[in-house]
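A.B. asks: Next up is a structure, given as structure tokens.
What follows draws every value from the coordinates through simple rules; no lab data is involved. Computed from a predicted structure; not experimentally measured. Quick reminder, even Gly has a Cβ in these numbers, built from the backbone with ideal geometry, and neighbours come from all protein chains shown.
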Amino acid sequence: MTIQTVHVPLGDRSYDVRIGTDLLCRAGAEIAPLLQRKHVAVITEDRVAGLHLAGLHAGLAAEGITMSSLSLPPGEGTKNWDGLTCAVEWLLSERFERRDVVIALGGGVIGDLVGFASAVTRRGLRFVQVPTSLLAQVDSSVGGKTGINTSHGKNLVGAFHQPSLVLADVDLLDSLSTRDFLAGYGEVVKYGLLGNANFFEWLEKNALSMAMGDAGLRAEAVRVSVQMKADIVERDETEQGDRALLNLGHTFCHALEAATGYSDRLLHGEGVAIGCALAFEVSAQAGLCSQEDPSRVRDHLKKMGMKTDIRDIQGDLPDADGLLDLMGQDKKVIDGALRYIMVRGIGQAFVTSDIPRGVVHSVLQDALKGR
Ligand code: GLY
């Protein structure tokens, strides 16, 4: 398969996202132009290390590049101050310097953590993202948001630190469970819903075959998603405006994730899918989009076998007021007013603070009633 490139044009922080198959084998050739010495740091997590570290090692060795590696425990629990300390202390103890490159091999947790460790170690090391989950390939590895969670919430400490290169090898997606793949798909469908009706239509036709394993379709879905993200990040790198559109569904998602204790009850991408369906429902109830749009979104998510409604989340949840309180903790709150990403139709998202609390309350109450 031909490798495709999406360029993220950010002046002296510009970089390429390379998308295709066999990229792990080609890692050495792809990364070599960035190196001043043929030795790199690789930070990963234990599960991914078992699956892909040897492949990366071989890909680097093919170009005579050696590596030192650190493997952390898998899971969101690693993306905290302790994980950061561990990564930074290790980079310093291994004497990696500013001219060196750190490779983040893993999903969103590793990408965010290693990106942040790279941002703060010696005031900034260069880093390369090798995302191993669909969610990381289409979203978190691109755009330079890095950070960790604290007891106050997710991603509240971090930095914008752009990678020097992203290698999105769609072969690596074969090792994902169906649940993890579909959770990542929540972020893919988000791109169609927020800004590209043609892409949503393409997904309606092709996403099932893509989920079944078609590498060409997977590469195309990753390419379109990354291109959309690159366009938005080019316009608004530090989220002063348009970048907030990438958070379609996320305010509801963050509340549901908090309500489920950031546990396996709800994966982030699953929350994004449910959140997108809720954003469409609120938009329809507020008279912003047609009544058919939320049904079309929900039909597609259901056809994919995804969590679509709040009722698909197992176990207890807070009531509508409780969920609204949790939504109030969102980073998009300004002067106490919640900013919503709403839609005028499929592919037409916009930011507004002008949504009556009563409309959101009633949509949440109806959604909870179905449980
Ligand atoms: N995941 C949203 C963003 O990168 O802005």
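A.B. asks: Once you place label points 7 Å from the Cα toward the Cβ at D299 and A32, how far apart are they in nm?
C.D. replies: 5.2 nm
A.B. asks: Starting at the first residue of segment 181-188, write each ³J(HN,Hα) from the Karplus equation 6.51 cos²θ - 1.76 cosθ + 1.60 with θ = phi - 60°, in whole Hz, x for Gly and Pro.
C.D. replies: 4, 5, 4, x, 5, x, 6, 5
A.B. asks: Also: Please name which of Q348, G287, C276 has its Cα lying farthest along the dipole of segment 263-371 towards the positive end, using unit charges on Cβ (Lys, Arg +1; Asp, Glu -1) and the Cα centre as origin.
C.D. replies: Result: Q348.
A.B. asks: Given the pairs K205/K229; K79/K205; K38/K79, which span a C-alpha to C-alpha distance of over 32 angstrom in this model?
C.D. replies: K79/K205
A.B. asks: Right, something else. Sort 277-284, 107-114, 209-216, 194-201 for me by packing, meaning the mean count of neighbouring Cβ atoms within 10 Å per residue, highest on top.
C.D. replies: Highest to lowest by the protection proxy: 107-114, 277-284, 194-201, 209-216.
A.B. asks: Pairs of Cα atoms under 8 Å, at least six residues apart: use those to get the relative contact order of segment 172-326, whole percent.
C.D. replies: So the answer I get is 24 percent.
A.B. asks: Something else now. For a quick check: sort E204, E270, E30 by the number of other beta carbons within 10 angstrom, fewest at the front.
C.D. replies: E204, E30, E270
A.B. asks: May I ask for the net charge around K205, where only other residues with Cβ less than 13 Å from the Cβ of K205 are counted and Lys, Arg are +1 while Asp, Glu are -1?
C.D. replies: Local net charge: -3.
A.B. asks: List the residues, sorted by chain then number, that are 5 or more residues from V101 or on another chain and whose placed amide H is less than 5 Å from its amide H.
C.D. replies: Close amide H contacts, sequence-distant or interchain: A41.
A.B. asks: Can you compute the charge dipole magnitude of segment 209-302 about its Cα centre, using +1 on each Lys and Arg Cβ and -1 on each Asp and Glu Cβ, nothing else charged? Give it in debye, rounded to the nearest 20.
C.D. replies: Its charge dipole is roughly 200 debye.
A.B. asks: Still on this structure: Which of M210, V142, Q314 sits farthest toward the positive end of the charge dipole of the chain, with +1 on the Cβ of Lys and Arg and -1 on the Cβ of Asp and Glu?
C.D. replies: Comparing the listed Cα positions along the dipole, V142 ranks first.
A.B. asks: Distance in nm between label sites at T352 and H39, each 7 Å beyond Cα in the beta-carbon direction?
C.D. replies: About 5.8 nm, to one decimal.
A.B. asks: Ranking Y185, Y262 by Cβ neighbours within 10 Å, fewest first, what do you get?
C.D. replies: Fewest-to-most ranking of Y185, Y262: Y262, Y185.
A.B. asks: Roughly how big is segment 3-156's charge dipole about its Cα centre, with Cβ charges of +1 (Lys, Arg) and -1 (Asp, Glu), in debye to the nearest 20?
C.D. replies: That gives a dipole near 380 debye.
A.B. asks: Specify whether the C-alpha gyration tensor of segment 128-286 places it in the rounded, prolate or oblate class, a ≥ b ≥ c being the square roots of the eigenvalues: rounded for a/c under 1.5, otherwise prolate if a/b is larger than b/c and oblate if not.
C.D. replies: Cα axes put segment 128-286 in the rounded bin.
A.B. asks: What does the charge count near A219 come to, summing +1 for each Lys or Arg and -1 for each Asp or Glu among other residues with Cβ under 11 Å from its Cβ?
C.D. replies: Computed value for this residue: -1.
A.B. asks: Oh, and also: Suppose only helical runs count, i.e. DSSP H with n ≥ 4. What mean residue ellipticity at 222 nm does that imply for the chain under -39500 (n - 2.57) per run, divided by all residues and rounded to the nearest 500 deg cm²/dmol?
C.D. replies: Roughly -13000 deg cm²/dmol at 222 nm, from the helical runs in the chain.
A.B. asks: Nearest 5 percent is fine: what portion of the DSSP beta bridges confined to the chain is antiparallel?
C.D. replies: Roughly 40 percent of the DSSP beta bridges within the chain come out antiparallel.
A.B. asks: Let me ask another. Can you give the extra length, in nm with one decimal, that the chain gains between R179 and K369 once fully stretched, where that is 0.36 nm per residue apart less the Cα-Cα distance?
C.D. replies: Full-extension gain reported as 65.8 nm.
A.B. asks: Sticking with this structure for a sec: Given Cα pairs under 8 Å that are at least 6 residues apart, what percent is the relative contact order of the chain?
C.D. replies: That works out to 14 percent.
A.B. asks: In sequence order, what are the phi-derived ³J(HN,Hα) couplings for segment 340-353 according to the Karplus relation 6.51 cos²θ - 1.76 cosθ + 1.60 with θ = phi - 60°, rounded to whole Hz, with x for glycine and proline?
C.D. replies: Taking θ as phi minus 60°, the curve returns 9, 9, 10, 9, 9, x, 5, x, 9, 8, 8, 9, 8, 9 Hz for segment 340-353.
A.B. asks: Taking 0.36 nm per residue of separation and subtracting the Cα-Cα distance, what length does fully extending A54 through E234 add?
C.D. replies: Full-extension gain reported as 61.3 nm.
A.B. asks: For the chain, find the longest principal axis of its Cα atoms and tell me its angle to the long axis of helix 250-259, 0 to 90°, nearest 10.
C.D. replies: 90 degrees
A.B. asks: Ok, one more. Identify all aspartates and glutamates with a Cα-Cα distance to K154 below 13 Å; exclude those on the same chain that are fewer than 8 residues away in sequence.
C.D. replies: Partners within reach: E76, D112, E257, D330.
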